[in-house]
Each structure stands twice: as C-alpha cells, then as structure tokens.
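Written below as structure tokens is the structure these notes are about.
The values are calculated or read from the model by the stated rules, or taken from the named source; none is laboratory data. Keep in mind the model is a prediction, meaning the values are calculated, not measured. Here Cβ is always computed from backbone atoms with ideal geometry, including for glycine, and neighbour counts include all displayed protein chains.
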Amino acid sequence: MSLQPIDSTQRIQSLDVIRGFSLLGIFIVNMIAFHSPMYYYDPYSWWGDSINRPVYWWIDVFVQASFYPIFAMMFGAGLAIQYMRAEEKKAHFTSFASRRLAILLGIGLIHAFLIWSGDILITYAVAGFILIWMLKLSGKMLLILGFIIYFLPQSLLSGIMFFASMVDPTTVTYFSSVQDIESSVANYGSGSFADIFGQRVDDWTYANSPAGFISIIIAILPLMMIGAGVAKTKLFEKASDKKLLLSLSALIFLGLGIAIKTSPYWGEKNLAFVFTQDYVGGPLVAMGYMTLLLLIMTAPLSAKLLQPLAKTGRMALTNYLLQSIIGTIIFYNYGFGLYGEVTLMTGTLIALGIFVMQVIFSELWLSKFKQGPAERLWRKLSYSKK
C-alpha cells in the first residue's frame with residue numbers, strides 16, 4: 001500500500017500554529033544575515049551603538065537560537081506522524097520518507113546556492129535520513145535519548161570553553177574578519193550576479209565546513225528526536241489533559257532558558273558565554289515557547305484566533321523560501337541593493353511587516369487551494385499515484 005497526503009481535517013492545528021510561530025522568529029534572525037555580514041563580525045560591537053543595542057539585546061535573548069529548534073522539533077514531529085500513519089496503513093515508510101527527504105535536499109541545494117547561503121533545508125534533509133531509522137523507538141525513548149544526546153555534549157563543550165577561558169581568555173575572544181566583511185558588502189551590495197553567487201558559495205562553505213556541518217547535524221538531529229518523541233506520545237492531541245504538566249514545563253524551560261540566554265550580559269561577551277547562551281539556553285527557551293503555545297491552544301477561543309498563524313505554518317516551506325527571496329531582493333544588488341545600509345531596528349521592522357503580509361497571503365492562498373505552491377510541488381514529487 002502507498003501513502004497518500006493528509007487532508008486539512010486530519011491536520012493537528014497546534015503543530016501548524018507552532019510551525020507558523022517559528023517562521024516569525026527565524027525570519028527576524030535571518031533578516032540580520034540578509035542585510036549585514038553576520039558571519040564575520042562581533043555582534044556586540046557591530047550593534048553596540050545606542051540605536052541598535054536594545055534591539056540586538058531583545059533579539060539575542062528572546063529570538064536568536066530559540067526558533068530554529070522549534071522548527072527542527074516540528075520537522076521531527078511531522079516525520080513521526082507520517083511514520084505512525086504508515087504503520088496504521090501497513091504502508092512502506094522508509095522508501096517514501098527517503099524519496100521525500102531527497103527532494104527536500106534538492107530544494108535546499110537550489111535555495112542555498114541560488115538564493116541564500118543560510119539554508120537550513122539541507123541540514124534537515126540529512127538529519128532526517130538518520131531520523132527515519134530511529135522512528136521505531138517508542139516516543140518515551142526518543143524523548144529521553146533526544147535530551148541526553150543534545151544537552152550532554154553541549155553542556156560538556158560549554159564547560160570546556162569556560163575552562164579554556166580561565167586558562168587563556170584570548171582563546172574565546174570574539175574577532176571580526178575585516179576582509180570578509182568588506183568582501184560581503186562589496187559583492188552583495190554592488191556586485192554582479194556572478195559576484196553575489198561567488199560570495200554566497202564562500203559564505204555557505206564558511207558555515208558548512210566538514211566539521212561544522214557534522215556539528216550542526218549533531219545539534220539538529222536530537223531536536224528532531226525530541227519533536228518525534230512528543231508526536232509519538234500524542235502530547236499534541238492530549239494537551240487539554242496535560243495543562244499542569246505544560247504549565248510547569250513552560251515555567252521551568254523559560255525561566256532556566258532566559259537566565260542562560262542573558263548570561264553574556266551578566267557574565268562576559270565571549271565565545272564561551274555565547275556558545276552556552278545559544279546551544280543550551282536557546283533550545284530551552286524554544287521548548288518553553290512550544291509548551292506555552294500548546295497550553296494556549298487548549299482554549300477554544302485561542303485556537304480560533306490563531307487560525308491565521310496555523311495557515312502560515314501549513315505553508316511553512318513556501319513562506320520560508322519566500323522570506324529568502326524577498327529578503328535578498330531587498331538587500332542584494334540584483335534587487336534594491338540596500339545591503340549594509342539599514343539599522344537593526346529597520347531590518348526587524350521590515351521582517352515583521354513582510355511576515356504580516358505572509359500571514360495574509362497564506363490566508364488568501366489557502367482559501368483557494370489546499371496547499372502552498374512549494375508544498376504542492378514537494379507532494380507531487382513525493383507521493384506515488386494509484
């Protein structure tokens with residue numbers, strides 16, 4: 001038996017709301033990379049003036065590294081739900097999932113090298129290939145292993161970096177690469193399409209060296225496992241019966257996560273504190289946001305009010321790609337050429353404005369069609385016809 005796509009009545013609305021919410025935070029952070037050489041500067045000095053400092057503090061504490069983990073967990077949850085559907089129908093899941101992930105990998109490669117170097121789809125596809133072999137585990141086991149595999153090495157690495165900072169503080173000092181900053185500004189802001197393509201390749205290679213790419217997979221895979229574990233334990237469907245658990249989880253995750261996320265501001269602005277902030281505090285805040293949204297969604301009125309956000313989440317792939325297309329057109333020279341020309345506040349307001357338009361666009365599109373255009377293409381290539 002072959003798998004067939006689910007219809008709108010089979011969707012779990014809370015997943016779509018959380019996915020839509022994560023798109024907003026991801027866009028706010030990605031917008032910084034769209035308009036500035038984010039890979040190559042010390043953000044605390046780059047955005048240290050009176051205009052940008054408070055905006056960067058807000059993004060750094062409440063947004064940065066706290067929304068891509070939500071997206072990763074939702075990706076794992078979606079894959080687990082497809083696996084459970086395949087089990088119920090006694091359909092072949094592995095070949096279907098592999099084909100679907102291979103197509104996503106292709107989309108990611110196009111996105112990374114022809115649109116924007118900060119693509120996450122390649123990473124999700126590669127991590128997904130590993131995850132599909134782990135979905136036979138129980139939901140509880142996926143949750144336990146996901147937490148251990150993620151937080152144990154990240155905590156150990158944080159400890160090593162703090163120890164290194166005590167032995168030799170210069171080993172964890174931020175630095176800015178002036179040559180790379182100048183190259184980014186010149187190529188993206190005033191270069192030809194070939195110059196922009198070359199810079200895009202350089203940026204992707206810089207962020208995805210073999211060691212760097214493996215470390216990203218190691219960070220993303222356990223988050224997907226946690227999302228898959230939540231889906232397999234049916235927490236999304238049972239949220240109304242788990243209000244106390246959700247309330248306590250949100251309080252613990254957000255309290256601990258925000259304390260760690262603020263650490264560079266009460267500690268030191270070096271790589272040891274920033275690594276801990278992003279790789280330990282970030283996912284904790286993400287889990288706090290996710291549990292809080294699940295709790296909010298237990299109220300019928302909230303579920304109705306959040307319908308537009310759910311529709312944005314239903315078109316997550318389309319909206320993610322559109323964010324990159326619109327962002328690069330605004331800032332790269334083949335568009336309006338505003339790279340390096342805006343403040344952090346202006347970039348953030350642009351991101352919020354575009355996201356509002358995406359919510360409206362998603363509402364209008366899904367009033368006429370069942371899926372977003374990218375989702376429809378992905379589905380068409382993934383599902384075999386009877």
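Inside segment 236-245, residues that are assigned to a helix (DSSP H, G or I) and either within 24 Å of residue 135 (Cα to Cα) or in contact with a Cys (Cβ under 7 Å, 6 or more places away or on another chain) (or both) make up a count of 1.
Do we find that residue 330 is of a type in the set (Val, Ile, Thr) and farther than 23 Å from residue 55 by Cβ in this structure? Even if it seems obvious, please write down each step before you answer.
Numbers: of a type in the set (Val, Ile, Thr): yes; farther than 23 Å from residue 55 by Cβ: no.
Criteria not met by residue 330.
Of the helices (runs of 4 or more DSSP H) lying entirely inside segment 252-365, those carrying at least 3 residues that are within 27 Å of residue 108 (Cβ to Cβ) and either in contact (Cβ under 8 Å) with a residue 60 or more places away in the chain or not aliphatic (A, V, I, L, M) (or both) are 282-296, 307-314, 316-331. If you go through segment 174-207 and keep only what is more than 22 Å from residue 274 (Cβ to Cβ) and among the small types (Gly, Ala, Ser), you end up with 183, 186, 189, 190, 191, 192, 194, 198. The numbered conditions (1) over 23 Å from residue 208 (Cβ atoms); (2) without any contact (Cβ under 8 Å) to a residue 60 or more places away in the chain are all true for residue 105 except (1).
Given (1) at pLDDT 95 or above; (2) crowded, with 17+ Cβ neighbours inside 10 Å; (3) among the hydrophobic types (A, V, I, L, M, F, W, C), where does residue 47 come up short, assuming only one miss? Only one criterion is unmet by residue 47, namely (1). So, residue 238, is that one surrounded by fewer than 18 Cβ atoms within 10 Å (Cβ to Cβ), at positive phi and over 21 Å from the mean Cα position of the chain (by Cα) or not? Taking the combined requirement at face value, the residue does not satisfy it.
Could you tell me whether residue 279 is surrounded by fewer than 16 Cβ atoms within 10 Å (Cβ to Cβ), closer than 25 Å to residue 171 by Cβ and not polar (S, T, N, Q)? In short, no.
For (1) buried (at least 20 other Cβ atoms within 10 Å of the Cβ); (2) among the aliphatic types (A, V, I, L, M); (3) more than 23 Å from residue 227 (Cβ to Cβ), each residue gets a yes or a no:
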| position | (1), (2), (3) |
| --- | --- |
| 18 | yes, yes, no |
| 65 | yes, yes, no |
| 90 | no, no, yes |
| 98 | no, no, no |
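Filtered by the rule that a residue be farther than 17 Å from residue 28 by Cβ, crowded, with 18+ Cβ neighbours inside 10 Å and among the small types (Gly, Ala, Ser), segment 308-366 gives 310, 362.
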